[in-house]
Every structure is written in C-alpha cells, then in structure tokens.
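See below for the structure under consideration.
Rule-based calculations on the coordinates, nothing more; no lab input. Note that the structure is a prediction, hence the values are computed from the model and not measured. A quick note on method: Cβ atoms are made from the backbone with ideal geometry, for glycine too, and the neighbour counts reach across all protein chains shown.
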Amino acid sequence: MTDWTSVEAPSLADIEALAEAARAQLPEVFARAAEGVALQVVDFAPEEILRELEIEDPYDLTGLYDGIPLTEKSVFDSPEKPDIIWLFRGPILEEWIARGDVALDHLVAHVYVHELAHHLGWSDEDIAVIDRWWE
C-alpha cells in the first residue's frame, strides 16, 4: 500500500519544468518564436487579470498569453513589457484530476502550446480547427 503522507502535489517548479520540456520539443519554426516569450507559473491568475477578462472563478483559467501577437508587432513598436505565457498551477491540477484520462505533462504541454499559438497570432477558433483536445 502506498504511503500517501509523503506525497505532495506538483509544485510551481514542477509545472515550469514540464512547460520548459514542452518548449524544448517544439519544431524549430515554433521554437524560434517561443524564445522571446517569458514563462510565468503561479498558483492562480492575479485578480487584475481575472477582472480584465471578466472571469469570476479562478479555476476557469489554466493559461494566458499576455503580449502582442507576432502578426500585430511592428519594428516601430517599443514594448512596455515582455510577452509572457502564464500557466496557472491550481486550475491545471484541478483539470488534470477532473479529467483523469491525461498525463500531467501532456496537459501542461497542451496549455503551453495553446498560449504560444496566441503569440503566433492564432485565435481560439483557429486553434480549435487543428486541436480537438476538448472534445
């Protein structure tokens, strides 16, 4: 029988390591695009992000791309802040447990790649055409 008293939930560093592993697996064309995007892993989306997106339940947001998509950038832009892919540990773990049919590394990779697609300028509708993950 497993001694569950010593088992801990995956940490922020664990989720970050899984996302970095997903980044390392990207095809070269996407890997180059991902190089300039910071990765931020926190337990939940900050309140200001939830308010801005009009999301009441913080468990409803597993990840977020915060930046200017490559399709909208100009060499004349002077960025105020870096592009960031946020991953939210609490909602990711909640979804992982609720689904029960996907490995955590696959879920983290999916959320990371979905947010990277927004950096590339893809809409949720564009992503849904090739990624039927939620069905």
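Between the helical axis of 104-119 and the longest alpha-carbon principal axis of the chain there is an angle of about 10 degrees.
Across the chain, the volume of the C-alpha convex hull divided among the residues equals 141 Å³ per residue.
Distance between the 7 Å Cα→Cβ label points at MET1 and ASP101: 3.1 nm. The order of LYS81, LYS73, going from fewest to most other C-beta atoms within 10 Å of their C-beta, is LYS81, LYS73. Relative to the longest principal axis of the Cα atoms of the chain, the long axis of helix 12-24 lies at roughly 50 degrees.
For the chain, the longest principal axis of the Cα atoms and the long axis of helix 89-99 meet at an angle of about 60 degrees. Legend: ranking of residues TYR59, TYR112 from fewest to most surrounding C-beta atoms inside 10 Å; resulting order TYR59, TYR112.
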